[in-house]
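So the structure is just underneath, and the comments pick up after that.
The values are calculated or read from the model by the stated rules, or taken from the named source; none is laboratory data. Everything numeric in this text was worked out from a predicted model, so none of it was measured. In this analysis, Cβ positions are derived from the backbone assuming ideal geometry, glycine residues included, and neighbour counts consider all displayed protein chains. Heads up: the accessible areas ignore ligands, DNA and RNA and are worked out on the full protein's heavy atoms, side chains in. Shrake-Rupley method; radii C 1.70, N 1.55, O 1.52, S 1.80 Å.
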Amino acid sequence: MERALVRTSLRVESAAVGGMTKMACVLEPPLRMSVLSEVTASSRHYVDRLFDPDAQKVLQGVIDMKNAVIGNNKQKANLIVLGAVPRLLYLLQQETSSIELKTECAVVLGSLSMGTENNVKSLLDCHIIPALLQGLLSADIRFIEACLRCLRTIFTSPVTPVELLYTDATVIPHLMLLLSRSLHSQEYICQIFAHCCKAPDHQTILFNHGVVQNIAHLLTSVSYKVRMQALKCFSVLAFDNPQVSMTLVNVLVDGELLPQIFVKMLQRDKPIEMQLTAAKCLTYMCRAGSIRTDDNCIVLKTLPCLVRMCNKERLLEERVEGAETLAYLIEPDVELQRIASITDHLISMLADYFKYPSSVSAITDIKRHHETELSDTEDADSRGAIDESQCTAAFLTFPLSQMTQQTQLVSAATSEEKLDHDLKHAHELRQAAFKLYASLGANDEDIRKKIIEAEHMMDRIVNGLSETSVKVRLAAVRCLHSLSRSVQQLRTSFQDHAVWKPLMKVLQNAPDDILVVASSTLCNLLLEFSPSKEPILESGAIDLLCSLTLSENPALRVNGIWALMNMAFQADQKIKSDILRGLSTEQLFRLLSDPDVNVLMKTLGLLRNLLSTRPHIDQIMSTHGKQIMQAVTFILEGEHNIEVKEQTLCILANIADGTTAKDLIMTNDDILQKIKYYVGHSNLKLQLAAMFCIANLTWNEDEGSQERQDKLREIGIVDILHKLSQSADPNLCDKAKTALQQYFA
């Protein structure tokens, strides 16, 4: 009679053992389960043997299971469904199990974890990580290596929460101790650290446990795999982390500083993987401020290496990684941007990144075309290119994979496989190219011009704005934002391609990260010299921008109010009225109390632009004067920085330039005292801003000037003007003398 298969569940308990928490899995009563019909008899047989009373037969059964699951995902799934995992974990943790049996169990579990993501989820559900961590307490190095190898595979899976590594504070120190045990332990532990270092707090934990000192010497290991994993570990530790980076720059390994070792790893005779990772380390250290941007190791070594990675001779993954790292390196530094732009024809080199299809229909057409040509056994170089409406121009003349530069034909199956591989990276290539173009054009007008003049560049950006991939859309918007800083391009290329249309479409229901960059770009398109300003206004942009000011995201509130500020600059009365109507008085004054100083500054800028030209000033102050004066008083009395108060005083100066609006200042003794206070302030900016208020109020060509002059004299303004007319600052001195002249004209 066939024995019914049982599946045991595990309960995890912990007990302190040897300074590291011991994870003990205690068996609970077995639960019977039905065997799925598709599970084969041979799979049941493998699991049945795990319960044999003969220990030697159990060992042989585990070994046979190991051989059966290698490269066989269906077999792995069958065994997991049948409950092999709890039994393997039980055997792995039993003190009566031989070390050989424990090792083989760990090997099988490692093989199961190399299957699908569902396999890994099943292993995690059975609490495999605590069981394997317990195994690391063993004295046997082979068993330790098997546990580490399995842990490495599980932690590198995207479904594994990396926080599991940090739950027990004793785990990291114990892994540090195991680094000295063998080359394999060094490789696996470095790989675990690299994959589980995803956030600043992870960097801090590893750094505080001495990971830098413990893995630095591994960079000179005899094992290439160990050197690479240690290098990758350094790259994730240094990313956006000044503390780690400042430490790394002074670390000595065999008498050499770490940056010097990284530079040696950039050499052309080193494997590409090593060159790229070393370039990342130096890039991250540079961005973190531990290496100067003009240091030779950056200018002469790191930057040229990354440009080299963008070459079409490199694998697609390498080209993506090279471009994205280079974009990050040069992003804040104009000199690096200029050097990169003239290195190895980089700008034109990036054009090749777009010679891959972006749509499903294009991919289908290419595959069909490709299969037809293979059946005709034509030479690869003699194929005709597909029309540009199906895919980007010259795609088929571009290498279908990085290995198809040979003129000989390969088998249809192999070619199809390589084509699929290339198509998979199409989005990543375009994303990387857009990112690098954005960094290149961030500051220099000549570079922007070269980018714009690249083949079909504006068309590619416009197409990128409607890509299915969110990441590509975001990168395309970033590129557009970078190029929109050019006055010339706003007037020419942006207008020729009506860029504002797809940009406005992007702003409809986009994720916040895209909205932030897209709205920043819109701010530039709304500058007064931009030909796009008028059609954007006509397309209903005011309502869209007013809605952005209601966002919980401060960056979106800033961009919404910033764009409205640009829109109001030198605008006619109707546009200003539409802005005030769309924004509402309540929301305007809510923004004037915003905790984000950038939102406050842009709102003051909007008010300043709205309150320009006398008819507009008088009209707005006649309807909103009371609230505006209250807001001005509130800000001038508050704990705000100099720039905020200067902008507020400039608004007062604009109000003082109105015909009837002046009265709102002159009848407000509190405001007059504040003007007096700030004209005598120790800060020159505030003095000058207050002086503009006084000049506009005392201007003797305006009606009622005598009464205003007399009132200002009464509160002591004239005495202050006499003192300031002797000021060491020529600008302030001239303004004071001009104001005094109004009294004697």
| query | If contacts are Cα pairs under 8 angstrom and at least 6 residues apart, what is the relative contact order of the chain in percent? | reply | 5
| note | Per the helix-only model, the chain has a calculated mean residue ellipticity at 222 nm (DSSP H runs of ≥4, -39500 (n - 2.57) each, divided over all residues, rounded to the nearest 500) of -19000 deg cm²/dmol
| message | Below 14 angstrom from the Cβ of residue 327, what's the summed charge of the other residues (Lys, Arg +1; Asp, Glu -1)? | response | +2
| remark: From highest to lowest solvent-accessible area (probe 1.4 Å; ligands, DNA and RNA excluded), 737, 501 read 501, 737
| note | Averaged per residue, the 1.4 Å probe accessible area of region 452-566, protein heavy atoms only, in Å², is roughly 40
| message | Using a Förster radius of 56 Å, what is the FRET efficiency between residue 335 and residue 57 based on their Cβ-Cβ separation? Nearest 0.05, please. | response | 0.20
| query | Rank 744, 262 by accessible area, highest first, at a 1.4 Å probe radius? | reply | 744, 262
| note | Along the dipole axis of the chain (charges at Cβ: +1 for Lys and Arg, -1 for Asp and Glu; origin at the Cα centre), the most positive-end residue among 116, 490, 334 is 116
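Express the accessible area of region 113-161 per residue in Å², computed with a 1.4 Å probe while the remaining protein chains stay in the model.
36
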| region 165-178 - phi-based ³J(HN,Hα) in whole Hz, Karplus 6.51/-1.76/1.60, Gly and Pro as x | 6, 9, 4, 9, 5, 8, 5, 4, x, 5, 5, 4, 5, 6
| said: Given points 7 Å out from each Cα along the Cα-Cβ axis, report the residue 496 to residue 445 separation in nanometres with one decimal. | reply: 1.8
| In region 38-108, which GluC sites (Glu not before Pro) are in a loop and have at most 11 other Cβ atoms within 10 Å, using DSSP for the loop call? | 38, 95
| By its C-alpha gyration tensor, with a ≥ b ≥ c as the square roots of the eigenvalues, how is region 596-745 shaped: rounded for a/c under 1.5, else prolate for a/b larger than b/c, else oblate? | oblate
| said: Can you tally the net charge around residue 113? Count Lys and Arg as +1, Asp and Glu as -1, for every other residue whose Cβ sits under 11 Å from the Cβ of residue 113. | reply: +3
| For region 674-745, accessible area per residue (1.4 Å probe, heavy atoms of protein chains only), Å² | 53
| Which label marks the calculated value of volume of the Cα convex hull per residue in Å³, given the options (i) 291; (ii) 204; (iii) 230? | (iii)
| request: Treat each spin label as a single point 7 Å out from the Cα along the C-beta direction, and report the residue 273 to residue 256 distance in nm. | output: 2.0
| remark: Given backbone amide H placed at 1.01 Å from N, residues whose amide H is under 5 Å from that of residue 315, ignoring those fewer than 5 places away on the same chain, are none
| note | Scalar couplings 3J(HN,Hα) for region 676-691 by Karplus 6.51 cos²θ - 1.76 cosθ + 1.60 (θ = phi - 60°), nearest whole Hz, x for Gly and Pro, are 4, 4, 6, 6, x, 6, 7, 8, 4, 4, 5, 4, 5, 5, 5, 5
| query | So how much accessible area does residue 295 have, in Å² to the nearest 10, using a 1.4 Å probe? | reply | 60
| query | Ignoring any ligand, DNA or RNA, what whole percent of the accessible area of the chain comes from carbon and sulfur when the probe is 1.4 angstrom? | reply | 51
| message | Using only Cα atoms and rounding to the nearest 10 degrees, what angle (0 to 90) does helix 183-196 make with the longest principal axis of the chain? | response | 40
| task | Starting from the amide H of residue 469, placed 1.01 Å from N in the peptide plane, find each other amide H under 5 Å away whose residue is 5 or more places distant or on another chain. | result | none
| task | Output ³J(HN,Hα) for region 615-623: one whole-Hz value per residue in order, computed from phi by the Karplus curve 6.51 cos²θ - 1.76 cosθ + 1.60 with θ = phi - 60°, and x for Gly and Pro. | result | x, 5, 4, 5, 5, 5, 5, 5, 9
| query | Considering the zone a paramagnetic label at residue 243 would reach in this model (a point 7 Å from Cα along the Cα-to-Cβ line), which residues of region 178-216 have amide N under 12 Å from it? | reply | 200-210
